[in-house]
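Below: one structure, written as structure tokens.
The values are calculated or read from the model by the stated rules, or taken from the named source; none is laboratory data. What you see is a predicted model, and the numbers here were worked out from it, not measured in a lab. Every residue, glycine among them, receives a Cβ derived from its backbone with ideal geometry; neighbour counts consider all protein chains shown. Note: accessible area is taken over every heavy atom of the protein model, side chains too, but ligands, DNA and RNA are not part of it. Shrake-Rupley method; radii C 1.70, N 1.55, O 1.52, S 1.80 Å.
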Amino acid sequence: MNSIGTLNMLEAARQSGGRFLFTSTSEAYGDPQVHPQVETYWGNVNPNGPRACYDESKRFGEAATMEFWRSHGLNARIVRIFNTYGPHSRPDDGRIVPNFVIQALKHEPITIYGDGSQTRSFCYVSDMVEGILRAMDSPGTEGEVFNLGNPDEYTVLEFAEVIADTLGSDAGVVYQPLPVDDPTRRRPDITKAREWLGWEPVVDLQQGIGHTAEWFRQQLQIPVGL
Ligand code: UDP
């Protein structure tokens, strides 16, 4: 569906002469063997594993976007979005930030998949939106790829501690099985976005988690001081 939808959007942009920005993903790097990830790295993706439909559809989207730029002169660029969090995400989408924040708010143990040594880097949503707008609007970005994300890297276990400390929970952690093909390390190299777009994240993790937790608390009607 990602692939078909992207092709439809590319075709619509070509016919209308619109500007195009493809929201790709850090998953395009798969389980990366280059760390931190730079835009020139081709990635290490399992082409038929449980994450493949998403990863490969985004890689297809990148290839198609660049081909529309090369062959049809479409004004198009690509951003690779790394882990992003904030208010208005679905509480039950299963990702790390909603899970950990809601568990901490309810003083329940935090669910660590695997041993928690895998790493991620977390970007607050307003920083991400600013990066996307700059990639779309800055001159000379056609045919370019930009990593967008926060380069502060945490192990999942460290991240659980930050969330628990920030939200005042002391319910500990529980270990659950690691999903198949879960990437072991992920951190964006954002040198290109800094230089080309004058962009870098400005919201620190505690502040971002605070806003996110407040939103989830209201959505789920979790009493303060539970
Ligand atoms: N994760 C975890 N506990 C959870 C949810 C996620 O330990 O309750 C881990 C997951 O295994 C992965 C990391 O947190 O290593 C980020 O997972 P998420 O699904 O948010 O994003 P992605 O894997 O796409 O980076």
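Summary of computed values
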item: Residue in the stretch 95-118 that is within 10 Å of the ligand (Cβ to nearest atom), open to solvent by 40 Å² or more (accessible area, probe 1.4 Å), without any contact (Cβ under 8 Å) to a residue 60 or more places away in the chain and within 18 Å of the chain's Cα centre (by Cα) present; result: yes
item: All positions within the stretch 21-31 that are within 12 Å of the ligand (Cβ to nearest atom), assigned to a strand (DSSP E or B) and within 25 Å of Glu11 (Cα to Cα); result: Thr25
item: Candidates Ser3, Ser16 - the one that is over 19 Å from Leu178 (Cα atoms) and without any contact (Cβ under 8 Å) to a residue 12 or more places away in the chain; result: Ser16
item: Sole exception among (1) in contact (Cβ under 8 Å) with a residue 12 or more places away in the chain; (2) within 12 Å of the ligand (Cβ to nearest atom) for Phe68, by number; result: (2)
item: Some residue of the stretch 131-140 being touching a Cys at 6+ places or on another chain (Cβ under 7 Å) and either over 16 Å from Asp182 (Cβ atoms) or hydrophobic (A, V, I, L, M, F, W, C) (or both); result: no
item: Residue list for the stretch 119-149, restricted to those being closer than 19 Å to Asp189 by Cβ, more than 16 Å from the ligand (Cβ to nearest atom) and not hydroxyl-bearing (Ser, Thr, Tyr); result: Asp127, Glu130, Gly131, Ile132, Arg134, Ala135, Glu144, Val145, Phe146
item: Hits in the stretch 161-187 (condition: more than 10 Å from the ligand (Cβ to nearest atom), touching an Asp or Glu at 6+ places or on another chain (Cβ under 6 Å) and farther than 24 Å from Lys106 by Cα); result: Arg187
item: Subset of the stretch 180-200 [closer than 24 Å to Asp31 by Cα and open to solvent by less than 50 Å² (accessible area, probe 1.4 Å)]; result: Asp182, Pro183, Arg186, Pro188, Asp189, Ile190, Lys192, Ala193
item: Number of positions in the stretch 1-38 that are charged (D, E, K, R) and open to solvent by less than 30 Å² (accessible area, probe 1.4 Å); result: 1
item: Single residue of the stretch 167-178 satisfying the filter (open to solvent by less than 50 Å² (accessible area, probe 1.4 Å) and at negative phi) that is farthest from the chain's Cα centre (by Cα); result: Ala171
item: Residues satisfying the stated conditions in the stretch 125-143, i.e. in contact with a helix residue (DSSP H, G or I) (Cβ under 7 Å, 6 or more places away or on another chain) and under 25 Å from Asp31 (Cβ atoms); result: Gly131
item: Output for the stretch 150-159, where each listed residue is in a helix (DSSP H, G or I) and either more than 10 Å from the ligand (Cβ to nearest atom) or closer than 17 Å to His211 by Cα (or both); result: Glu158, Phe159
item: Residues that are farther than 10 Å from Gln118 by Cα, open to solvent by less than 50 Å² (accessible area, probe 1.4 Å) and of a type outside the set (Phe, Trp, Tyr), drawn from the stretch 153-165; result: Ala160, Val162, Ile163, Ala164
